[in-house]
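Following: one structure in structure tokens, then a few remarks.
We did not get these values from a lab; they are worked out from the coordinates using the rules stated. In this text the structure is predicted, and so the values were computed from the model without any measurement. Here Cβ is always computed from backbone atoms with ideal geometry, including for glycine, and neighbour counts include all displayed protein chains.
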């Protein structure tokens, strides 16, 4: 029996679950299917389901169980439209990494 946890380097949410207002310091809740591990108070990118970068956030707390991970995150940096575009364009996909490593 293997470990059912996924180590997460970003917080990726469906567009419908991304808050309309991403104010710095404001806390928001999230829920993801599966057992996921997040670093606490470590800056990571908030992305939508299309991998577009939206903001930098920190996960403040989370719980795992019964196939669901629930948590709270806070926004620590809002990206400008230019920053969003540049960061999104420089993203390296899992597919690109696999092609290099194979």
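Most mobile of 90, 29, 63 per a Gaussian network model of the chain (Cα springs, under 10 Å)?
90
What is the Rg over Rh value, at two decimals, for the range 10-102, using alpha-carbon atoms and the Kirkwood definition of Rh?
0.99
Kindly state, to the nearest 0.05, the FRET efficiency for residue 35 paired with residue 82, given R0 = 25 Å and r defined as their beta-carbon distance.
So, using R0 = 25 Å, E works out to roughly 0.10.
Have a look at 92, 75, 59 and tell me which one the Gaussian network model of the chain (Cα, springs below 10 Å) gives the largest fluctuation.
In this elastic network of the chain, the residue with the biggest mean-square fluctuation among 92, 75, 59 is 92.
So in the range 5-101, what percent of DSSP beta bridges are antiparallel if you round to the nearest 5?
Of those bridges, close to 70 percent are antiparallel.
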